[in-house]
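The values are calculated or read from the model by the stated rules, or taken from the named source; none is laboratory data. All of these numbers come straight from a predicted model, not from anything done at the bench. Glycine gets a Cβ as well: all are built from the backbone with ideal geometry, and neighbour counts include every protein chain shown. The area values use the complete protein model at the heavy-atom level, side chains included, leaving out ligands, DNA and RNA. Shrake-Rupley method; radii C 1.70, N 1.55, O 1.52, S 1.80 Å.
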Amino acid sequence: MTHGVHSRLAKQCLGTALNGARNMALIVQKYGGTSVGDVDRIKNVAKRIQKTREEGHSLVIVVSARSGVTNELIARAKAINDRPDTREMDMLLAIGEQETIALTAMALHAIGIPAVSYTGAQAGISTDRVFTKAKIQQINPKPILADLKAGKVVIVAGFQGINDEGQITTLGRGGSDLTAIALAAACKADKCEIYTDVDGVYTADPRIVKNAKKIEEISYDEMLELASLGSKVMQSRSVEFAKKYGVVFEVRSSFNHNPGTIVKEEVAYMEKVVVRGVALDKDQAKVVISNLPDKPSSAATIFKALADASINVDMIVQNVAHTGGVDLTFTVQRDDAANAVKVLPDVLKKLGGGEVKAFDNIAKLSVVGVGMRTHAGVAATLFTALGEAGINIQLIGTSEIKITVAVDRSRADQAQQAAHDVFGLGN
Ligand code: ADP
Ligand code: ASP
Ligand code: MG
């Protein structure tokens, strides 16, 4: 979506939707898979919508597929074909959300609320042509606006759009978050609320770290790092989008009325906290290439071959080997390890040597906080805590606001708890 389109849409949207109702806000609410997981939960969502509507607000609702449905569809596809065509995959995956939009509309009708369901295409969500991880390019809100104006609640299928050839696309796992944030940007909504099955964003996954604490406010950059380093509470691309278009949003629970976590632009006081939270990604692998010829093009050739095979590489370390060559070690997603081992031998042959081995028992632990920019000694504190817990660090990576270490997966939970404790994040 371009800036021009964004502001044009915003004006249309506000002008039309909120015409004549001074205190009325336009609110985008997104309900995740657990929140619409069964009939009773969908009825619960309808009641929450009813309450907000009775307060006088206009509502655009985004829903996910019932929890488990997208995974189930993927498993079914893979049982039939281990490399399913991506167009057909999107055709398949889009049905999960299509079920819940219709059921949510029916639940609203049952309590007397006018509502209409929209697929991504009907909601005017245009994407590029990259099936299974399409990017939103434009949103035409005219149909949504007309229905809001007519007093209806508009329910949009998350995670899907349509490309310029009229094909259904999906936005990557967790993509309903992106649908909600993009609609909030396009409509310049007054509020965007992401309802899930926990009370907000915590200092660590509250299902694993029992003393994790809810964070009241977090900056886009911190949320983005946590999301891309393994906290699945928000899809990372949705946070990137929110940052780009300045969409402030709140992560809340659909099962209670507690205040959630506000995600917004960084403000000065945020730097006072050194570490905001920790994230763990247990689905990592380590690839080690030993005795690689030490010449200028080696690394470039290797990483180009991996990129051509759509393998994303993360932490990279290069050492001089005893033999005069170099050892190159890097991490990849666990699913990509086998493919890396398949692709690399031919490349190494061309480079004149080197052996490749993959270890798929790796986890990546990260500590994140904008306060790291102004506080020294964070790495030393983390390494000491892991050392005292007897946990070996295999690789280290840093950026301005994060430190990541690769550890053995069997020690990952313990490493996460040690990091959480040493920075005093717990209750
Ligand atoms: P939804 O289906 O609503 O999109 P998700 O399952 O995608 O929900 O995300 C919510 C889950 O994210 C929580 O149940 C929690 O286990 C997990 N999670 C991981 N890290 C965090 C964190 N730092 N704070 C809150 N939840 C987290
Ligand atoms: N149903 C999709 C998924 O499971 C999108 C979403 O839930 O956000 O990834
Ligand atoms: Mg999610």
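Normalised by the number of residues in the chain, the average gap of Cα pairs under 8 Å and 6 or more apart makes the relative contact order 14 percent. Each 10 Å bin from zero up to the one holding the largest Cα-Cα distance in the stretch 74-177 carries the following percent of pairs: 16, 42, 30, 11, 2.
Using a probe of 1.4 Å, the accessible surface attributed to Ile168 totals some 60 Å² when neighbouring protein chains are kept in position. Shape analysis of the stretch 166-246 places it in the prolate category; the axes a ≥ b ≥ c from the Cα gyration tensor give an a/c of at least 1.5, with a/b above b/c. So what does log10 I(q)/I(0) come out to for the chain at q = 0.08, 0.09, 0.12 Å⁻¹, using the Debye formula with one equal point on every Cα and no solvent? Log10 of I(q)/I(0), two decimals: -0.50, -0.63, -1.05. Here the accessible area is traced with a 1.4 Å probe on the protein chains. For the chain, carbon and sulfur cover 50 percent of it. Extending 7 Å from Cα along the Cβ direction at Ala75 and again at Arg173 yields two label points whose distance is 1.4 nm.
Accessible area per residue for the stretch 65-106 is 58 Å², calculated with a 1.4 Å probe on protein heavy atoms, without ligands, DNA or RNA.
One decimal place: the segment Lys149-Ile111 gains 11.7 nm when fully extended, by the rule 0.36 nm per residue minus the C-alpha distance. Compared with the dominant Cα axis of the chain, that is its longest principal axis, helix 236-245 is turned about 60°. Computed with every protein chain present, the accessible area of Glu265 is close to 100 Å² [probe 1.4 Å]. Put simply, the amide H of Tyr118, placed in the peptide plane, has neighbours under 5 Å in Ile155, Val156, Ala157, leaving out anything fewer than 5 places away on its chain. Seen from Ala321, the other residues with C-beta closer than 12 Å to its C-beta sum to a net charge of -3, counting Lys and Arg as +1 and Asp and Glu as -1. Temperature 25 °C, viscosity 0.890 mPa s: under these conditions the Stokes-Einstein estimate for the stretch 247-377, based on its Kirkwood radius over C-alpha pairs, is 138 µm² per second.
Ranking of Tyr195, Tyr202 by solvent-accessible surface, largest first: Tyr202, Tyr195 (1.4 Å probe, protein heavy atoms only, all chains present). Proximity of backbone amide H atoms, modeled 1.01 Å from N, is registered between Asp294 and Val326 at under 5 Å, excluding neighbours fewer than 5 places apart on the same chain. Of the residues Thr203, Thr323, Thr170, the one that moves most in a GNM of the chain with alpha-carbon contacts below 10 Å is Thr323. The HN-Hα couplings worked out from phi for the stretch 63-69 by the Karplus form 6.51 cos²θ - 1.76 cosθ + 1.60 (θ = phi - 60°) are 10, 8, 5, 4, 4, x, 5 Hz, whole numbers, x standing for Gly and Pro.
Filter the cross-link list Lys286/Lys349; Lys51/Lys244; Lys188/Lys304; Lys232/Lys295 down to pairs whose alpha-carbon distance in this structure exceeds 29 Å. Going by Cα-Cα distance, Lys51/Lys244; Lys188/Lys304; Lys232/Lys295 fall outside the 29 Å limit. Using the Cβ-Cβ distance between Val341 and Lys51 with R0 = 51 Å, the FRET efficiency computed as 1/(1 + (r/R0)^6) comes to roughly 0.40. For the stretch 151-306, the per residue solvent-accessible surface stands at 37 Å², with DNA, RNA and ligands left out and a 1.4 Å probe. Estimated at the nearest 10 Å², the accessible area of Arg53 is 80 Å² with a 1.4 Å probe.
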